[in-house]
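Reading through the structure tokens given below for one structure.
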Amino acid sequence: MAERTWYTKQIQRLEACTFREAELIEHIMRTHLLHSTLDWLRPEQFVAVVREASETLRDFREAGDLPEAWRHFLSGEDCVL
């Protein structure tokens, strides 16, 4: 990813997270929750899915069970999500 998008800016604003975390949250939204693009979401839906994706990331972290690709991505390593 690496390019700040409107989505990552909004995710950072809503979740007060790092850019790298916002990128991962956007990935979780697109790939794991919606299996789709984000451009069709109404604003309130976008906020709800941001919260759900952020909670998903938080749950994995708290369980100490981050998927390997997510762990590498968050550490700044080049990897494929």
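The values are calculated or read from the model by the stated rules, or taken from the named source; none is laboratory data. Every value quoted in this text rests on a predicted model; they were computed, and no experiment measured them. Here the Cβ positions follow ideal geometry from the backbone for every residue, glycine too, while neighbour counts run over all protein chains shown. Accessible surface areas use protein heavy atoms only, side chains included; no ligands, DNA or RNA. Shrake-Rupley method; radii C 1.70, N 1.55, O 1.52, S 1.80 Å.
Pairing each residue of the stretch 15-26 that is farther than 12 Å from Arg61 by Cβ with any residue that is of a type in the set (Lys, Arg) and not in a helix (DSSP H, G or I), provided the two are 6+ apart or on different chains, yields C-beta distances under 7 Å for Phe19/Arg4.
Restricting attention to the stretch 1-48, the residues being in contact with a His (Cβ under 9 Å, 6 or more places away or on another chain) and surrounded by fewer than 12 Cβ atoms within 10 Å (Cβ to Cβ) number 0. For Ser75, the requirement of being free of Cβ contacts under 8 Å to residues at least 60 places away in the same chain, over 13 Å from the mean Cα position of the chain (by Cα) and at negative phi is met.
Tell me, which residue of the stretch 49-67 that is assigned to a loop (DSSP other than H, G, I, E, B) and open to solvent by 40 Å² or more (accessible area, probe 1.4 Å) is nearest to Leu33 (Cα to Cα)? Only one residue tops the list, namely Pro67. Residue count for the stretch 24-46 satisfying the condition of being within 23 Å of Leu74 (Cβ to Cβ) and in a helix (DSSP H, G or I): 12. Inside the stretch 14-62, residues that are among the small types (Gly, Ala, Ser) and either touching a helix residue (DSSP H, G or I) at 6+ places or on another chain (Cβ under 7 Å) or modelled with pLDDT under 95 (or both) make up a count of 4.
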